[in-house]
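One structure below.
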Amino acid sequence: MIHDTAGKTLSHTAMFSTAFLTSRYPEPGLVPEHADLVYVRDNGVYIFPGPPATLFPGMTSGEPDLPVHPVHYLGHRDTAVYYAAEVPPGTAVSGGTFYPNIRELYGVLSDDEFALAAFAVRIVDFNRTTRFCGQCGAPTRPSRQERAKICDACGLVTYPRTSPAIIVVVRKDDEILLARSPRFPPDLHSILAGFVDPAETLEEAVHREVKEETGIEIKNIRYLGSEPWPFPNSLMIGFVADYAGGEIAIDNNEIVFAGWFDRDHLPDLPSRMSISRALIDWWIAEGNNRSG
Ligand SMILES: [Zn+2]
């Protein structure tokens, strides 16, 4: 959820937040018989076609006939308990489909199942990439006390990695700074974003990214909200800032165009799934509130 500084909720729920789950540690020693399994093959999840499409079997469809090993605890919601079930790569399926790209399931699955799907893929990936200790090379085992892998040989504990990235609305009078990455589809523009360097504060990262990508100076940085972006492991941290000086000069590398846009002349914007769009919509609403 994104809040403005007055505490008013903005019209965006973090799509990939699994705040509805409670992690109960230590984990159940055995997988409960009634557990709900999210089947993950490679980076895709198994979908029952529906309608509506769903991660879980209904009254008439049983569990899919798939070899599963191993399963990973995700969390509880009330009496439900969720696990990610790892299916070997290349396993054939019947009845349903493995969707390789979680983002394509936006609007197909319910919002909660959409977040669960992304979470399950992340946790399976975490397990796959930490089977051996990064320090001594011995096999690891999952902790039952927290979400971590333990090396019994040298004692190293490995946690899922989260990479913080800042994203910022830069305002100048009634205009917003929008830019185009060479990776974007034609005409799509968005606000500036970038990863936080080690030993850098979030505010420093905001100043540095805006300066590096567009050459301008900013002031009055304040926090707006955050969104997990598990592709594979980002946490987007959203800010608003005001123009303070300088002329736009792009590097033609990360950014191929940057410019100021008013609310009546906006280009194509990112999809409503993204925090970038939620922040741009926040800025649009801010103008409406002022003039209304
Ligand atoms: Zn080790």
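The values are calculated or read from the model by the stated rules, or taken from the named source; none is laboratory data. Bear in mind that the values here come from a model prediction, so they are computed numbers and not experimental data. With ideal geometry, Cβ positions are generated from the backbone for all residues, glycine too; neighbour counts draw on all protein chains shown.
Looking only at segment 125-172, residues that are among the aromatic types (Phe, Trp, Tyr), surrounded by fewer than 17 Cβ atoms within 10 Å (Cβ to Cβ) and more than 9 Å from the ligand (Cβ to nearest atom) come to 1 in all. Please determine whether any residue of segment 201-213 is over 30 Å from Gly287 (Cα atoms) and surrounded by 14 or more Cβ atoms within 10 Å (Cβ to Cβ). Looking for residues that are over 30 Å from Gly287 (Cα atoms) and surrounded by 14 or more Cβ atoms within 10 Å (Cβ to Cβ), one finds none in segment 201-213, hence no. Here Pro198 does not fit the description of being part of a loop (DSSP other than H, G, I, E, B), in contact with a helix residue (DSSP H, G or I) (Cβ under 8 Å, 6 or more places away or on another chain) and within 30 Å of Phe119 (Cβ to Cβ). Would you check if His34 is modelled with pLDDT of 85 or more and in a loop (DSSP other than H, G, I, E, B)? Taking the combined requirement at face value, the residue satisfies it. Among the residues of segment 176-193, those identified as under 30 Å from Arg290 (Cα atoms) and surrounded by 16 or more Cβ atoms within 10 Å (Cβ to Cβ) are Ile176, Leu177, Leu178, Ala179, Arg180, His189, Ser190, Ile191, Leu192, Ala193. Determine, yes or no, whether Arg183 is away from the ligand (no atom under 16 Å from the Cβ), farther than 30 Å from Gly245 by Cα and not in a strand (DSSP E or B). When the stated conditions are applied, Arg183 does not pass them.
Is at least one residue of segment 231-244 over 18 Å from Ala19 (Cα atoms), surrounded by fewer than 17 Cβ atoms within 10 Å (Cβ to Cβ) and free of Cβ contacts under 8 Å to residues at least 60 places away in the same chain? Looking for residues that are over 18 Å from Ala19 (Cα atoms), surrounded by fewer than 17 Cβ atoms within 10 Å (Cβ to Cβ) and free of Cβ contacts under 8 Å to residues at least 60 places away in the same chain, one finds at least one in segment 231-244, hence yes. Does segment 245-253 contain at least one residue that is closer than 14 Å to Val169 by Cβ, surrounded by 13 or more Cβ atoms within 10 Å (Cβ to Cβ), in contact (Cβ under 8 Å) with a residue 12 or more places away in the chain and in contact with a strand residue (DSSP E or B) (Cβ under 6 Å, 6 or more places away or on another chain)? No, segment 245-253 contains no residue that is closer than 14 Å to Val169 by Cβ, surrounded by 13 or more Cβ atoms within 10 Å (Cβ to Cβ), in contact (Cβ under 8 Å) with a residue 12 or more places away in the chain and in contact with a strand residue (DSSP E or B) (Cβ under 6 Å, 6 or more places away or on another chain). Listed conditions (1) out of contact with any Asp or Glu (no Cβ under 8 Å at 6 or more places or on another chain); (2) under 12 Å from Val45 (Cα atoms); (3) surrounded by 14 or more Cβ atoms within 10 Å (Cβ to Cβ) are all met by Phe98, apart from (1).
The strands (runs of 3 or more DSSP E) found entirely in segment 65-111 that carry 2 or more residues being under 16 Å from Pro52 (Cα atoms) are 97-99.
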